[in-house]
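The values are calculated or read from the model by the stated rules, or taken from the named source; none is laboratory data. No experiment lies behind these values; they were computed from the predicted model shown. As a convention, Cβ positions derive from the backbone with ideal geometry for all residues, glycine included, and neighbour counts pool all protein chains shown.
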Amino acid sequence: MNLETEKNVSTPKRTAELEELLIDAEADDEQVQQSHPLVRRPWLLLLGLILVALNLRPALSSMAPLLSEVSKSLGLSAAQAGLLTTLPVLCLGLFAPLAPILARRFGAERVVLGILLTLAGGIILRSNFAEIGLFAGSVLGGASIGIIGVLLPGIVKRDFARHAGTMTGVYTMALCLGAAMAAGSTVPLSEHFDNSWALGLGFWVIPALLAAVFWLPQVGQKHGAHNVAYRVRGLLRDPLAWQVTLYMGLQSSLAYIVFGWLPSILIGRGLTPTQAGLVLSGSVIIQLASSLAAPWLATRGKDQRLAIVVVMALTLAGLFGCLYAPLDGLWGWAILLGLGQGGTFSLALTLIVLRSRDSHVAANLSSMSQGFGYTLASMGPFAVGVVHDWTGGWNAVGWIFGIIGTGAIIAGLGAGRALYVQVQSEKI
C-alpha cells in the first residue's frame, strides 16, 4: 500500500500506543528492549526519576524573571539578552543526538548521573564569573538538559512498561512543576539573598545535586547488553517526517519565547519581577491539564489536524492577550496560554508515535524532531531580543508570534494527517 495514501492509522491500536509517548533512545538496541530490568527498589527509582525530571526546566525558566536585572547588572543589550535565552535552547538540539551514543557506550544510568553533575556545574558557572560565566554556564546547562531529556523517557518506558501511560503523566507533571517552581520562586529567592540575582539563579544547583544523590543507586543496576540491532534509513528524505519536525520546532520556539521573555514583556507593561514570575509560573501549572487531555482528545477523531489548530489558536490568543490586552484580564490570558502550550507540546510528542510504524522508527523520528526542532526553536527567543533591541519596545514582537504560530499551524496540518512516514526499520 502506498504510505502517502494510507488513511485511518489512528485506530484503537494506535490509540493504545499513546501509552508509549516516552520515546526510548535505546529502542534500536534489541537486547536492551528484550531484557528484564532488575529493579530491586522501584520506589527509589521512581523518586529518582521524578527528581531528575524536576531539574529539566529550572535552568531555563529561572532566568526569565531576572533577565532585566541581569542585563542591567552586566550591561547586556537586548540582542545579547536574546542570545542568552537562545543558547540553552540551541544546545537542546545540538546535543540531543549525543544521548543515544553515550548511552550505548556507558549505559543510560551512568550518563544521567554524570550529566546531572554537569548540569549542576553549569548552574554554578552561570552564577559566577560575570558575563563569561553567564553564557558558558547557559551553554553547559542547555547541553546537559538536552542529553538527559532524550535518555530519561526511555528509562521510564523500560522500567515501568506496564504503567507507561501513568508514568507519561508523572513525567510531564514533573517537567511542568519544575518549570513553574523556578519561574515563581527565583525572584523571591534573590530578594531573600540581599537582592543577589547570582544567588537566586545559583540556588537551583541544590535540587540538581539532590537528584544526583537519589539517582546514584541506579548506576549499579543491570539491564542487558547494548548491541545495536536495528537501523532506519530515509527519514531525512521523508516530507512527513519534516512536517513533524517543523511542528515540534515551531511550537517549541513559542514555548521558549515564553520561558525566556514573557516576564520581561510583563515587566515592561508595569508588573513587578515577582508578579511577572508568578504569571509565568501559573501559566506553566495550567499546562498540566491540557498536556494530559490533548493527546486523548486528539485521538478521538480521524486525525489530529483540528486539535492542532485549536491548541495553537489558544496559544496565540494567550500570547497576544499578554502582549496587548489590558492588564486587568492578564490572568485569563495566561490561563489560555497555558492550556494552549500544554496541548501543543503533548501533541508534538503524540505525532511522533502516531506517524511511526514501530518503536524503532519512533525513536529515530524523535531524535530528528528534537535535534533539528530545538535548533530551529532557538531562533525564536533570539529574534525577540533583536526586534526589541531595534524597536525599543515590545509591540513589534507580536509579528514574531504570528509568523511562528502560522508556520506551526501549516506544518501541523501536514503532520496531523493520518499517515505513516515512508521508512521502515530493518534488522542488521
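Scanning the range 57-81 for residues that are in contact (Cβ under 8 Å) with a residue 24 or more places away in the chain, surrounded by fewer than 22 Cβ atoms within 10 Å (Cβ to Cβ) and not in a helix (DSSP H, G or I) returns 76, 77. The set of residues in the range 329-376 being under 18 Å from residue 148 (Cα atoms), under 12 Å from the mean Cα position of the chain (by Cα) and among the aliphatic types (A, V, I, L, M) consists of 349 alone.
When we screen 38, 47 for residues that are over 27 Å from residue 232 (Cα atoms) and at pLDDT below 50, the only hit is 38.
Residue count for the range 379-428 satisfying the condition of being farther than 19 Å from residue 347 by Cβ, assigned to a helix (DSSP H, G or I) and of a type in the set (Val, Ile, Thr): 7. So for the range 352-370 (the condition being modelled with pLDDT of 90 or more and of a type in the set (Val, Ile, Thr)), does at least one residue qualify? No - not one qualifying residue is present in the range 352-370.
The residue of the range 384-428 that is surrounded by the most Cβ atoms within 10 Å (Cβ to Cβ), among those that are of a type in the set (S, T, N, Q) and under 30 Å from residue 302 (Cβ atoms), is 425. On inspection, residue 375 passes the criterion of being surrounded by fewer than 20 Cβ atoms within 10 Å (Cβ to Cβ), at pLDDT below 95, part of a helix (DSSP H, G or I) and hydroxyl-bearing (Ser, Thr, Tyr).
When 102, 84, 94, 90 are checked against the criterion of being farther than 20 Å from residue 259 by Cα, in contact with a helix residue (DSSP H, G or I) (Cβ under 8 Å, 6 or more places away or on another chain) and in a helix (DSSP H, G or I), 102 stands alone in meeting it.
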